[in-house]
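Have a look at the structure below before the remarks.
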Amino acid sequence: MKSFNSHLEERILEKNSNLCVGLDIAVESFPGVDPDLDFLKAHAKKVIDATGELAVAYKPNLGFFERWGSKGFEWLEETLDYIGNEHILVADAKRGDIGNTAKQYAKSVFDYFGFDAVTVNPYMGSDAIRPFISQPEKGAFILCRTSNPSAGELQDQETPSGLLYENVAQCAVQLNENDNVGLVIGATVPQEIQHIRELAPDLPFLLPGIGAQGGDLEKSMRYGNSNGIALINISRGICFAGDMSENAIRKAAENYLNQIRKFSNEF
C-alpha cells in the first residue's frame with residue numbers, strides 16, 4: 001500500500017491541482033441570515049458541487065460540525081459521503097493528546113470517519129503524534145508555524161537548539177519513518193515557509209491563510225513546492241465568495257486554481 005505522502009503527490013500531479021478547500025461552514029458567515037443546520041448542509045453541498053473538479057483535497061474543520069453535537073457528527077458523515085473517494089480528505093482536528101486517548105482519536109478520524117490525514121498539535125511531544133502515523137497510508141500534518149496573529153508568542157520562542165517552530169520541523173523529519181508526516185505552515189509567513197523547507201525537504205506542507213487572511217499565494221507555491229509538495233488551503237475565500245451562489249464559488253475556485261497553475265509553471 002502506498003504511503004500517504006506518495007499518494008498525495010500522485011494525486012496532485014494527476015489532477016494538476018494543489019487546491020485544498022477548507023470546509024469552515026459557520027453560522028456567522030451568513031450576515032443578515034439566521035441559518036439552521038439544513039441551510040448549512042445545503043451550502044456545504046453547494047461548495048462541493050462547485051469545486052469538486054478543481055480541488056485535489058478537502059479539509060473539513062471539525063469544530064464547525066462538533067458545535068451541533070450528535071447532529072453535527074451526522075452532518076460530517078453525510079459531508080464525507082457526499083465528497084466521495086476521489087479527493088484527499090484532511091481532518092482539521094488539531095488533536096494533541098497522548099497514550100490511549102490519542103489512539104482513540106486516531107481510530108475516530110481514520111477508521112470511523114475515513115479521513116486520509118489529520119492535523120496534530122505537537123505541544124505534548126512525539127507521544128501525541130505517533131498514534132496518528134502508525135499506518136503508512138494515513139498521514140498527519142503537524143502544526144509548525146501557524147497563520148494566526150499570536151502564533152509567535154510560543155512558536156518563536158528561543159531554545160538551545162533553535163526557535164521552537166524549527167525544533168518542530170526537525171522533529172517531524174525524524175518522525176517521518178513511514179513517509180506520512182507533513183507540516184502546517186501559515187501562508188501569512190512566506191519567509192518561514194522558505195526556511196522550514198530548508199529544514200524539512202520532501203515533507204508535504206499544508207498552507208492555510210490564503211484569501212481572507214491575506215497570505216501570499218505566489219510565495220506559498222514557490223517555497224512550498226521547492227524540494228517537496230504543498231497543499232494550498234483556501235476556506236472563506238471560496239466558500240463565501242461573492243453572492244455565495246454556486247457560480248460565484250466556482251469562479252473563485254477557478255481563479256485561485258488558475259493562479260496556482262500559473263505559479264507552478266514558473267518554477
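Readers should treat all values here as calculations from the given coordinates under stated rules, not as data from a laboratory. Note that this is a predicted model, so its numbers are computed, not measured. Glycine gets a Cβ as well: all are built from the backbone with ideal geometry, and neighbour counts include every protein chain shown.
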- Distance between the stretch 181-253 and the stretch 86-110 - C-alpha centres, whole angstrom: 22
- Message: Could you tell me the relative contact order of the chain? Use alpha-carbon pairs under 8 Å, at least six residues apart, and round to a whole percent.
- Response: 20
- Within straight cross-link reach of Lys251, meaning Cα distance under 13 Å, which aspartates and glutamates are found once same-chain residues fewer than 8 apart are removed? Asp49, Glu53, Asp243
- Among Ala55, Ala253, Ala151, determine the one that fluctuates most according to a GNM of the chain built with springs between C-alpha atoms less than 10 Å apart. Ala151
- Message: Using a Debye calculation, one point per C-alpha and no hydration shell, please list log10 I(q)/I(0) for the stretch 58-194 at q = 0.09, 0.16, 0.20 Å⁻¹ in order.
- Response: -0.28, -0.86, -1.23
- Task: For the stretch 112-267, build the charge dipole from Cβ charges (+1 Lys, Arg; -1 Asp, Glu) around the Cα centre, then report which of Ser245, Tyr165, Ser264 sits farthest towards its positive end.
- Result: Ser245
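Taking all pairs of distinct Cα atoms, average 1/r, flip it, and tell me the Kirkwood hydrodynamic radius of the stretch 4-265 in Å to one decimal place. Write out the running numbers ahead of the final one.
On the way: mean 1/r = 0.0543 Å⁻¹.
By the Kirkwood definition, the hydrodynamic radius is 18.4 Å.
If you average over every viewing direction, what projected area does the convex hull of the Cα atoms of the stretch 171-267 give, in nm²?
The orientation-averaged projected area of the Cα hull of the stretch 171-267 comes to 6.4 nm².
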- Can you tell which of Phe113, Phe132, Phe30 shows the greatest fluctuation in a Gaussian network model of the chain with Cα springs below 10 Å? Phe30
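What does the charge dipole of the chain about its Cα centre add up to, to the nearest 20 debye, if the Cβ of each Lys and Arg holds +1 and the Cβ of each Asp and Glu holds -1? Kindly include the intermediate steps, with their values, before the conclusion.
Details: 24 positive and 37 negative charges, 35 e Å.
So the magnitude is around 160 debye.
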- Message: I'd like to know which of Ile142, Gly182, Phe30 lies farthest towards the positive end of the charge dipole of the chain, counting +1 on Cβ of Lys and Arg and -1 on Cβ of Asp and Glu.
- Response: Gly182
- Amide H neighbours of Val118 under 5 Å, at least 5 residues apart or on other chains, H built in the peptide plane: list them. Ala91, Gly139, Ala140, Phe141
- Item | Expected-Rg normalisation [2.2 N^0.38 Å, Cα atoms] applied to the stretch 82-128 | 1.21
- Task: Specify the residue with the greatest mean-square fluctuation among Gln170, Gln194, Gln157, computed from a Gaussian network of the chain linking alpha-carbon atoms under 10 Å apart.
- Result: Gln157
